[in-house]
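Here's the structure, in structure tokens; my notes come after.
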Amino acid sequence: MIRTFIDTGVLIAAARSQGDLAERALQILEDENREFASSIFLKLEVLPKAIYNQQNSEVKFYETFFSEVAYWAKDINKIIQDSYQESSQFGLGAMDALHISAAVSVGATEFITNEKLNKSIHRTQSIKVISIA
């Protein structure tokens, strides 16, 4: 099994089911050879806004995804410390660094994003980053 951490944009694209990006995102999420890892940071990025805006189908999609996550990043203090290092070393933005550090903390082998190859997240050497963009 491949232990995969999904980036926010990929999850949003899948939930909204529009276009080629959504199709690629859904293929990843439906791959039976994957187990998913996540963190409270990802949950905070997608669920509260969907709840506030009463986007019920999105809320249900996210809740279903999170209920099936096999590996949760829990050591928040270590993740934050590692994120600071990650950001300082590779120039990642704060949320990207938190996601990368969370993924690494639970032994994810890949990080799936929709960020283009020229974005800073692709500079990390901590985990394999795959773009579906």
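Every number in this text was worked out from the coordinates using simple rules, so none of it is lab data. All values derive from a computational prediction rather than experimental measurement. All Cβ positions, glycine included, derive from the backbone under ideal geometry; neighbour counts span all protein chains shown.
Given 0.36 nm per residue, what is the gain on full extension from LYS74 to GLN27 after removing their alpha carbon distance, in nm? Walk me through the intermediate numbers first.
Working: separation 47, 0.36 × 47 = 16.92 nm, distance 2.71 nm.
So the chain would gain 14.2 nm between LYS74 and GLN27.
Suppose every K and R has +1 on its Cβ and every D and E has -1 on its Cβ; what is the size of the dipole of the stretch 2-131 about the Cα centre, in Debye to the nearest 20? Write out the running numbers ahead of the final one.
Working: 13 positive and 17 negative charges, 57 e Å.
About 280 debye.
Helical runs (DSSP H, four residues minimum) scored at -39500 (n - 2.57) apiece and divided by the length of the chain put the mean residue ellipticity at 222 nm at -17000 deg cm²/dmol. Each of (i) 67, 23, 13; (ii) 33, 19, 11; (iii) 22, 16, 15 is a candidate for semi-axes √(5λ) of the Cα gyration tensor in Å; the one calculated from this structure is (iii). Between ILE130 and ASN56, the contour length at 0.36 nm per residue exceeds the alpha carbon distance by 23.7 nm.
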